[in-house]
């Protein structure tokens with residue numbers, strides 16, 4: 001009896017530890033055709049993407065931005081408006097953004113994310129920290145190549161990195177991590193990848209707020225790929241919902257976004273239910289120096305949401 005109780009305790013402890021690990025790894029890291037279908041297994045629904053072409057579901061954001069600039073009063077759909085705003089932000093010569101939030105399962109995991117664009121040089125950092133997990137990644141993209149550094153978080157807003165890195169071509173970076181840094185955004189957003197009756201647009205004299213709920217299979221494709229490969233998951237994660245709010249100024253300059261994500265991730269036979277809540281603050285047309293490898297990014301400059 002004692003031996004059995006001990007084994008049960010060890011098994012429970014291992015399961016709890018793996019859930020902590022899954023949470024930390026996932027926190028650091030959008031009538032369907034094209035060959036996609038679902039397979040029901042024991043546990044979560046698993047998507048088979050054999051033959052799936054994610055690029056065919058993307059909106060032509062550059063064309064939409066040109067259309068908006070020619071006729072800003074046109075009645076664009078919520079998904080079109082988001083693409084216009086994201087493309088306008090992406091086309092800035094200089095910009096930076098900061099993400100602040102947490103992921104929750106059996107513990108709360110604090111998350112920080114930073115992105116900088118200075119011409120054709122890009123920087124991204126992801127930090128995830130709790131009492132059980134301490135993870136960090138930095139990516140530097142210049143020209144046609146990118147370097148990925150693995151680090152250890154000292155706290156939620158600082159990390160240490162070694163000089164070792166993995167070098168990627170841009171094609172390989174997208175294949176492994178879901179996007180290049182110059183793409184900036186990882187979700188596939190279009191009229192074909194949102195739940196239309198759960199999307200809305202609210203306009204005031206100063207701001208435009210767009211609320212989206214995304215299809216959990218198509219819109220998250222590249223995001224799932226990033227999660228699996230960064231976190232060494234045993235399968236692609238499965239999403240229960242992914243809700244997004246975007247705040248733009250009256251000229252469609254991106255200011256703020258809010259992400260509400262609920263999903264399941266599996267590792268070593270253990271599945272964890274995870275809730276992500278993240279706020280991103282965007283600074284279009286503002287220059288910020290890219291930090292050196294072990295120079296800390298200043299997360300205190302994220303700003304405040306002064307708009308609804």
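Values computed for the structure shown
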read-out: Scope the stretch 86-108; condition outside any strand (DSSP E or B) and either over 25 Å from residue 227 (Cα atoms) or out of contact with any strand residue (DSSP E or B) (no Cβ under 6 Å at 6 or more places or on another chain) (or both); matching residues; value: 86, 87, 88, 90, 91, 92, 93, 106, 107
read-out: Cβ-Cβ under 8 Å pairs, at least 6 apart or on other chains, the stretch 37-66 side on the phi < 0 side of the Ramachandran plot and loosely packed, with under 13 Cβ neighbours inside 10 Å, far side assigned to a loop (DSSP other than H, G, I, E, B) and at pLDDT 65 or above; value: 38/217
read-out: Residue 135 within 23 Å of residue 246 (Cα to Cα) and not in a loop (DSSP other than H, G, I, E, B); value: no
read-out: The stretch 171-190 - residue that is out of contact with any helix residue (DSSP H, G or I) (no Cβ under 7 Å at 6 or more places or on another chain) and part of a helix (DSSP H, G or I) and, of those, surrounded by the fewest Cβ atoms within 10 Å (Cβ to Cβ); value: 171
read-out: Every pair of residues 6+ apart whose Cβ atoms lie under 6 Å, when the first sits in the stretch 279-299 and is under 10 Å from residue 96 (Cβ atoms) while the second is modelled with pLDDT under 95; value: 281/302; 281/303
read-out: Failed item, numbered, when residue 21 is tested on (1) touching a strand residue (DSSP E or B) at 6+ places or on another chain (Cβ under 8 Å); (2) modelled with pLDDT of 90 or more; value: (2)
read-out: Looking only at the stretch 123-143, and only at residues there that are at pLDDT 95 or above and surrounded by fewer than 21 Cβ atoms within 10 Å (Cβ to Cβ), the one that is nearest to residue 297 (Cα to Cα); value: 140
read-out: Residue within the stretch 148-158 that is outside any strand (DSSP E or B), surrounded by fewer than 17 Cβ atoms within 10 Å (Cβ to Cβ) and in contact with a strand residue (DSSP E or B) (Cβ under 9 Å, 6 or more places away or on another chain) present; value: no
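The values are calculated or read from the model by the stated rules, or taken from the named source; none is laboratory data. Everything numeric here is computed off the predicted structure, so don't read it as measured data. Every residue, glycine as well, gets a Cβ built from its backbone with ideal geometry; the counts of neighbours run over all protein chains shown.
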